[in-house]
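Below is one structure, written out as structure tokens, with a few remarks after it.
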Amino acid sequence: MAKNARYRLPYRRRRERKTDYQARRILATSKHPRFVVRTNNKGVIVQIVKSEIIGDEILIQATSKELSSKYGWQASGKNIPAGYLLGYVSGKKAVNAGIKIAYLDLGLKRPTKGSKVFAVVKGAIDAGLEIPCNTDVVPPPDRMNGGDIAKYAKEMENPTNYEKQFSSYLRKGIQPETLPEHFEKTKKKIEENWAK
């Protein structure tokens with residue numbers, strides 16, 4: 001390293017891998033709100049956020065917990081079908097609040113084709129919210145409704161492995177083979193709730 005070279009320490013939130021300031025500046029100066037999707041070990045959080053000089057204002061929020069408590073979703077709150085349904089709920093809330101368009105904010109998460117984040121986006125788009133997104137990155141329909149999970153469960157031959165793999169489903173009283181039907185039932189319940 002040269003003696004006169006100056007080292008510039010990145011901002012704290014960038015060092016902690018929480019904020020991409022370059023992307024945030026572009027999204028914050030837009031006239032439309034941000035569609036923020038965050039995943040963690042407990043589930044998914046979706047927020048529609050408006051950036052102001054004094055700070056961010058959360059206009060809409062939906063969480064995986066809301067899916068189970070309000071709409072009867074019994075499967076995992078961390079999988080792709082739950083992500084789609086959560087996007088659908090947040091899209092319905094946004095349209096009901098008069099929000100027509102939002103821009104996706106991934107934070108520091110890498111955009112991966114077919115990921116849970118894009119299932120959330122597809123759910124919001126299907127609910128009527130406009131989010132600019134390439135359709136190539138959205139998971140296929142059989143993954144979004146849990147068809148791949150049901151197929152995998154049907155193909156499992158070892159009952160011990162089956163019980164171990166799907167213990168969270170079985171504890172809640174749902175057979176993984178019936179996940180697509182449960183998905184459609186929950187989606188219908190969401191539609192009925194927002195049709196009022």
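Throughout, read-outs are computed from the coordinates displayed, never taken from laboratory work. What you are looking at is a predicted structure, and each value in this text was computed from that prediction instead of being measured. All Cβ positions, glycine included, derive from the backbone under ideal geometry; neighbour counts span all protein chains shown.
Just order 80-88, 114-122 by mean Cβ neighbour count inside 10 Å, highest at the front, would you? Can you show the working numbers first?
Working: 80-88: 27.8, 114-122: 24.0.
Going by the mean number of other Cβ atoms within 10 Å, highest first, we get 80-88, 114-122.
Under the rule of at least 5 residues apart or a separate chain, name every residue whose amide H is placed under 5 Å from the amide H of residue 104.
Counting only residues 5 or more places away or on other chains, the set is 35.
In degrees from 0 to 90, rounded to the nearest 10, what is the angle of the helix 116-126 Cα long axis to the longest principal axis of the chain?
Its long axis makes an angle of about 80 degrees.
With unit charges on the beta carbon (Lys/Arg positive, Asp/Glu negative), name the residue among 138, 35, 195 whose Cα is farthest towards the positive pole of the charge dipole of segment 17-195.
The residue sitting farthest along the positive end of the dipole is 35.
Ordered by residue, what ³J(HN,Hα) values in Hz, to whole numbers, does segment 37-46 give under the Karplus form 6.51 cos²θ - 1.76 cosθ + 1.60, where θ = phi - 60° and Gly and Pro are x?
With the stated coefficients, segment 37-46 comes to 10, 10, 10, 9, 5, 9, x, 10, 10, 10 Hz.
FRET efficiency for residue 126 and residue 171, Cβ-Cβ distance as r, R0 = 30 Å, nearest 0.05?
My answer for the efficiency is 0.50.
How much length, in nm to one decimal, is gained on full extension between residue 135 and residue 151, taken as 0.36 nm per residue of separation minus their Cα-Cα distance?
Fully extending the segment from residue 135 to residue 151 adds 3.3 nm.
Would you mind calculating the relative contact order of the chain from Cα pairs under 8 angstrom and at least 6 residues apart, reporting the percent as a whole number?
Details: 299 pairs, mean separation 37.2, N = 196.
With pairs under 8 Å counted, the relative contact order is 19 percent.
Taking a ≥ b ≥ c as the square roots of the eigenvalues of the Cα gyration tensor of the chain, is the shape rounded (a/c under 1.5), prolate (a/b larger than b/c) or oblate? Write down the numbers at each step before the final one.
Details: a/c = 2.47, a/b = 1.50, b/c = 1.65.
Because a/c hits 1.5 or more and a/b fails to exceed b/c, the chain counts as oblate.
At a Förster radius of 30 Å, what calculated FRET efficiency corresponds to the Cβ-Cβ distance of residue 6 and residue 53, to the nearest 0.05? If you can, show how the numbers build up before the last one.
On the way: r = 30 Å, r/R0 = 1.01.
After rounding to 0.05, the efficiency reads 0.50.
Please report how far the C-alpha centroid of segment 120-150 lies from that of segment 178-196, rounded to the nearest whole angstrom.
Cα centres, segment 120-150 to segment 178-196: 15 Å.
Please turn the phi angles of segment 53-66 into ³J(HN,Hα) values with the Karplus equation 6.51 cos²θ - 1.76 cosθ + 1.60 (θ = phi - 60°), one per residue in order, whole Hz, x for glycine and proline.
So the J values, rounded to whole Hz, are 4, 6, x, 7, 10, 7, 8, 9, 9, 9, 10, 4, 4, 5.
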